[in-house]
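The values are calculated or read from the model by the stated rules, or taken from the named source; none is laboratory data. Since the model is a prediction, treat every value here as computed from it, not as a measurement. Here the Cβ positions follow ideal geometry from the backbone for every residue, glycine too, while neighbour counts run over all protein chains shown. With ligands, DNA and RNA removed, areas are computed over all heavy atoms of the protein, side chains included. Shrake-Rupley method; radii C 1.70, N 1.55, O 1.52, S 1.80 Å.
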Amino acid sequence: ESAELNDYLLKISENISEDLIVAEANLDRRNRVADLSKKIIKYLVNDQIDSLALPNTVAIFVDFQFTSRKGGFQSLTNSGYIGKIKRSRIDSLLFQYYYNVDDLIREETSFNGYMEAMEASSNATVPILPMAKQYYGYVTDSLELSKANSDYFANVAVQNAIIRSSGQTQMVSKYESLIATGRLLHKEIQNFIKHSDD
């Protein structure tokens, strides 16, 4: 029974390691997009929009997805062995970790939904073909491009998206919390397995 419990915990530990790779990459991307959005706001405030502004803005509309690998935890729960770790540090960290996972996924869904709505609204009212042509190397009329840039960044939905993207403190803190709890849980599982083998 002890060996089987360790196998379940080892699988959970492997799942968490996989989760953390994705979470750390997403955290890094979230921080970069927030910084980029702040730069775009500075450009807008100082009326310094240039040809790089559009491709930079497009980056803020990219969805972030986080899906946790829960196979190990579900197997442990279904096995009946979960009672053997009740009221332990692992039990507490498991609850906290998977609560953080669900909370993060809810926030990501909400954030992505908002950004998708702003993108759809801006796409319905402002053509970006002149800017896209320049981005892809086609010859563009400078007056047409200037007007397209001006119209695009004057769009309320675009401005809302940029501002929302610049203020990602809550999303960043949720990723940081998940990563910190995941590392603690991973370490606790390794210690538990080591001591049970002694």
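Some observations on this one:
- Output for segment 86-124, where each listed residue is of a type in the set (A, V, I, L, M, F, W, C) and closer than 20 Å to Q74 by Cα: I90, L93, L94, F95, V101, L104, I105
- Restricting the first member to segment 69-91 and to residues that are open to solvent by 90 Å² or more (accessible area, probe 1.4 Å), and the second to residues that are at pLDDT below 95 and outside any helix (DSSP H, G or I), the beta-carbon pairs closer than 9 Å and six or more apart or on different chains are K84/E1.
- Among the conditions (1) aromatic (F, W, Y); (2) touching a residue at least 12 places away in the same chain (Cβ under 8 Å); (3) over 16 Å from A180 (Cα atoms), Y97 misses just one, which is (3).
- So R30, is it of a type in the set (K, R), under 26 Å from A3 (Cβ atoms), surrounded by 15 or more Cβ atoms within 10 Å (Cβ to Cβ) and at pLDDT 90 or above: no
- Segment 99-137: number of residues that are open to solvent by less than 70 Å² (accessible area, probe 1.4 Å) and either more than 20 Å from the chain's Cα centre (by Cα) or not aliphatic (A, V, I, L, M) (or both): 20
- Just one of the listed residues (Q159, Q170) is open to solvent by 40 Å² or more (accessible area, probe 1.4 Å), within 26 Å of the chain's Cα centre (by Cα) and more than 30 Å from I90 (Cβ to Cβ), and it is Q159.
- For beta carbons closer than 9 Å, sequence separation of 6+ or different chains, a first residue in segment 134-148 that is under 19 Å from Q48 (Cα atoms) and a second that is in a helix (DSSP H, G or I) and open to solvent by 100 Å² or more (accessible area, probe 1.4 Å), the qualifying pairs are A148/L129.
- Selection of first residues in segment 121-132 that are assigned to a loop (DSSP other than H, G, I, E, B) and of second residues that are hydroxyl-bearing (S, T, Y) and open to solvent by less than 50 Å² (accessible area, probe 1.4 Å), restricted to Cβ pairs under 9 Å at least 6 apart or on distinct chains, gives the following pairs, ordered by first then second residue: V126/Y152; P127/Y152; I128/S122; I128/Y152.
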